[in-house]
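None of the figures in this text is laboratory data; all of them are computed from the coordinates on show. Everything quoted here is computed from the prediction, not taken from an experiment. Backbone-built Cβ (ideal geometry, glycine too); neighbour counts: all protein chains shown.
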Amino acid sequence: MSEPGRTAIDVHDVQLRLGHRQVLQGLHLKVAEGGRLGILGPAAGGKSVLLKLLVGLLQPDAGRVEIRGTDLSSGDEKVLMRVRRDIGMLFQNYALFDFMTVGENVAFPLARRGDVEADEIRDRVEARLRSVGLAGSAHKMPSELSGGMKKRVGIARATIARPALVLYDEPTAGLDPVTTQKMYDLLSADQEETGCTVLAVSSDVKALMGFASELALIHEGRIRYAGSSSEIADSSDALVRQFVSGSEDGPL
Amino acid sequence: MNLHRKIEALGGAFIGALKSVRELARLWRGSLAGLVERDYPKGEIARQMYVVGNKSVLFISVTMGFLGMVMVMQSGQQLNRITGDLSQLGPEFLRLFIQEFAPTITALMLATRVGAGIAAEIGTMKVTEQIDALRLSGITPTSYLIAPRFFACVVMSLVLTIFAVVFSFSAGGLTAWSVFGLNPTLFFDASRVQVYDLTLGGCKALTYGMAIPVISGYCGLEARGGSEGVGTATTSAVIGSSFAVLLIDFLLSGIGFAFFGGGAR
Ligand SMILES: Nc1ncnc2c1ncn2[C@@H]1O[C@H](COP(=O)(O)OP(=O)(O)OP(=O)(O)O)[C@@H](O)[C@H]1O
Ligand SMILES: [Mg+2]
């Protein structure tokens, strides 16, 4: 599905104002196909907003967003739908459909394609739920689940159709350290299997560093650091160092 | 400067209103298109009809029954004072209820019950990002969520209006008989009902049935923030739909009067 070397995500000089706040101001970001990018940043820094821009749920005031070579800024629904077919997304607050069972939620992106047999959908849903540690929960309603369980259902829903690009907004917030590690192992295994491009937003710096080869830090609407995750701790930028180490003294 | 501000605010409100009207028109077209595409969950239309109809049928029947009784008491007393001839009471009551009271009062009740329900449901989906998640799966919220509610409201508005006529007319006839001793065969006389009355009443019921889900759905889709936003959306849906019902009532009655002489005979 993916062609390594090609650019999966190209965000060019994006400006976005929401309400009275300039959320993004000149944000640049490039991710190669098959890459694993972790996104860090202080709260309300625009991380979730960036993910929504990448799937065309928000449109930039200025600048350009290209996904796998397609420019999203026309806002044309047909173009957006075609691009979105190949994207899976975990929302920060799960966004599970509360009128469907867990199984139907996970099956949804697959069922919408219309070219997968019902039997196969059932098998794949079962397998996916098992891999996120929720075997046997297919018949439950989302309201019966804990926050961490909902998160994992969201992960299952985002990945079931094996999209070429997967966006995770806080995939492990609210999970215990062991489950967190298990989830990142699962995301890694998925990514190795399908070769998809992954973007994961997380405030769990350590876990994210273990998962992502590249990291980007968003601060005040711009990318403050972009580079390999092994080098971020030695960045020349004091703010970046402070954020990664979590110490209280520094520019933040 | 103060005046300047006020003019600016007024202009802003005006532009906002125009935008809303354009958006409502878009939702209306989208609902119709969605019904053609049939891109909503299986069985959703039946479920929505049940929700709309079942929630309201008892409520509307009882209310309309009482209204029928009160109307007959009031107009019977007036007629007795003026002419003493109650023979026209039933036929005129029926015409009035078919063209005006049954569709309009039914719609006002639908606006509060069903309109609030639609806005709360869709508003909750909006603020919990379920709408975004739907769009991500290639779904147009209008086709998926509003179209089935639209269809259900249009059909149920008509059906419930018929219920309303039946219950108010029956209760009115019983009242006329028991209070004024009016012979039921004189009251239950449908021969004066004209095609005009049925058309006007039907058009009103249909238009109300379209306006309520579109306005309430719009309020839901525009919900912002958390549960507070859903509350605001629900309130605006009830106010907006009720106001729309009264406005449509005025316009359609006016058109009927101006172009068809009010169906006078
Ligand atoms: N729809 C919206 N309307 C107005 N402002 C918004 C909207 N969405 C986000 N914002 C604002 O944009 C800013 C960035 O929000 P965003 O959700 O991207 O933060 P974040 O980096 O994901 O933070 P967190 O780590 O807390 O999730 C916030 O100040 C927020 O209030
Ligand atoms: Mg966020």
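Starting from the Cα of A:Ser143, step 7 Å toward the Cβ, then list every residue of the stretch B:201-231 with an amide N under 19 Å from that point.
Inside the label zone: B:226-231.
Along the Cα→Cβ direction, 7 angstrom out, place labels at B:Met73 and A:Arg130. What is the inter-label distance in nm?
7.1
Which of B:Leu27, B:Leu3 comes first, and how do the rest follow, when ranked by fewest Cβ neighbours within 10 Å?
Placing the least packed residue first, the sequence is B:Leu3, B:Leu27.
Across the stretch A:67-189, what fraction of all alpha-carbon pairs, as a whole percent, falls in each successive 5 Å bin from zero upward?
Bin by bin from 0 Å, the calculated values are 2, 11, 21, 23, 20, 12, 7, 3, 0.
Could you go through the stretch B:207-218 in sequence order and give the Karplus-derived ³J(HN,Hα) for each residue, using 6.51 cos²θ - 1.76 cosθ + 1.60 with θ = phi - 60°, rounded to whole Hz, and x for Gly and Pro?
So the J values, rounded to whole Hz, are 5, 4, x, 7, 5, 4, x, 5, 5, 5, x, 4.
Within 10 Å of each Cβ of B:123-135, how many other protein chain Cβ atoms are there on average?
So the per-residue partner count for this stretch is 5.
If a/c stays under 1.5 just call it rounded; otherwise compare a/b with b/c (prolate if a/b is bigger, oblate if not). Do that for the stretch B:168-217, with a ≥ b ≥ c from the square roots of the Cα gyration tensor eigenvalues.
Here the stretch B:168-217 falls in the oblate category.
Using Cα centres only, tell me the gap between the stretch A:6-28 and the stretch A:154-173 in whole Å.
22
If r is the Cβ-Cβ distance from B:Ser170 to B:Leu246 and R0 is 25 Å, what FRET efficiency results, to the nearest 0.05? Don't skip to the answer; put the middle values down first.
On the way: r = 27 Å, r/R0 = 1.06.
My answer for the efficiency is 0.40.
On full extension of the chain, what length is gained from A:Met81 through A:Lys30, given 0.36 nm per residue of separation minus the C-alpha to C-alpha distance?
That works out to 16.2 nm of additional length.
Quick one: order B:Cys219, B:Cys203 by neighbouring beta-carbon count within 10 Å, fewest to most.
The most exposed by this proxy come first: B:Cys203, B:Cys219.
Taking beta carbons within 10 Å but only from partner chains, what does the mean come to for residues B:137-145?
Numbers: counts 15, 9, 4, 2, 0, 0, 0, 0, 0.
Going residue by residue through B:137-145 and averaging, the value is 3.
How far apart, in nanometres, would the label points at B:Arg22 and B:Phe188 be if each is projected 7 angstrom from Cα along the Cα-to-Cβ direction?
According to this spin-label approximation, the distance is 5.5 nm.
Which order do B:Ile162, B:Ile7 fall in if you start with the one that has the fewest other Cβ atoms within 10 Å?
B:Ile7, B:Ile162
If amide H atoms are built 1.01 Å from N in the plane of the peptide, which residues on other chains or at least 5 residues away come under 5 Å of the amide H of A:Ile223?
A:His28
From the gyration tensor of the Cα coordinates in the protein assembly as shown, what semi-axes in whole Å does the equivalent ellipsoid have, largest first, with each one equal to sqrt(5λ)?
Working through the eigenvalues yields semi-axes of 58, 25, 19 Å.
Once R0 is set to 35 Å, what does the formula 1/(1 + (r/R0)^6) return for the Cβ-Cβ distance between B:Ser87 and B:Phe257, expressed as a FRET efficiency to the nearest 0.05?
About 0.85, to the nearest 0.05.
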